[in-house]
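Here the structure comes first, spelled out in structure tokens, and everything after it is commentary.
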Amino acid sequence: MEKLTHIDEQGKARMVDVGHKPQQLRVAKAEGHITLHADTISLINENSMKKGDVLTIAEIAGIQGAKKTSELIPLCHPLQLTKVKVKAELDETGVKIFSETKCIGQTGVEMEALTGVSVALLTIYDMCKAVDKNMIIDDTRLVEKTKTDI
């Protein structure tokens, strides 16, 4: 197992110095799912939820969340994101969220992709909680992370 990078020699939390690393094109993709009752899925599909268009609002919330990652996760570096894409799709058991983030920088964008997915899922939960008391957010994970020299 590798040494944890966010811990100093005394075992205290710290923000990692990435100043020595080269600028690279960095891309991360993440996904997650929320399980919903069949009636809730129908309401979303018919755009009949009282709070509005669940899928579009979740996508916008996911984009906002990704952009705020360094404000939410204490040791994350603020990044100049060049792309944030969040897609919400109904499936037979609920909604699947996909996120892709990009930047040119010295550290990766996986936390931004994961935050985008998480905020989108929480938005769906918030918008549906009045009609569905048994929602389950699950399977949130990093799908891919790449860096390319520029």
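The values are calculated or read from the model by the stated rules, or taken from the named source; none is laboratory data. Worth saying up front: this structure is predicted, and the values here are computed from it rather than measured. For neighbour counting, all protein chains shown are included, and Cβ atoms are generated from backbone atoms with ideal geometry for every residue, glycine included.
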Practice item. Among what's in the stretch 4-63 and is in a strand (DSSP E or B), touching a helix residue (DSSP H, G or I) at 6+ places or on another chain (Cβ under 7 Å) and among the aliphatic types (A, V, I, L, M), pick the residue that is nearest to Lys145 (Cα to Cα). Key: Ala28
Revision key, fill the gap. The condition of being within 24 Å of Glu100 (Cα to Cα) and touching a residue at least 60 places away in the same chain (Cβ under 8 Å) holds, among Ile57, Ile73, Ile63, only for Ile57
Exercise for review: Considering only the stretch 119-149, state which residues are within 30 Å of Gln106 (Cβ to Cβ) and among the small types (Gly, Ala, Ser).
Suggested key: Ala120
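Listed here are the residues, each with its yes/no results for (1) in contact with a strand residue (DSSP E or B) (Cβ under 9 Å, 6 or more places away or on another chain); (2) in contact (Cβ under 8 Å) with a residue 12 or more places away in the chain.
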site: Ile34; (1), (2): yes, yes
site: Asn47; (1), (2): no, no
site: Gly52; (1), (2): no, yes
site: Ala88; (1), (2): yes, yes
site: Phe98; (1), (2): yes, yes
site: Lys102; (1), (2): yes, yes
site: Gly108; (1), (2): yes, yes
site: Met111; (1), (2): yes, yes
Exercise for review: Can you tell me which residue among Lys87, Lys51, Lys83, Lys68 is charged (D, E, K, R) and under 16 Å from Val131 (Cα atoms)?
Suggested key: Lys51
Point to revise | Residue, surrounded by the fewest Cβ atoms within 10 Å (Cβ to Cβ), within the stretch 101-150, restricted to residues that are modelled with pLDDT of 95 or more and touching a His at 6+ places or on another chain (Cβ under 7 Å) | key: Asn134
**Study point:** Residue list for the stretch 25-44, restricted to those being surrounded by fewer than 17 Cβ atoms within 10 Å (Cβ to Cβ) and not acidic (Asp, Glu)
**Key:** Leu25, His37, Ala38, Ser42
Check your understanding: For the stretch 66-150, which strands (runs of 3 or more DSSP E) that fit wholly inside it have 3 or more residues that are of a type outside the set (Lys, Arg) and under 22 Å from Thr5 (Cα atoms)?
Key -> 94-105, 136-149
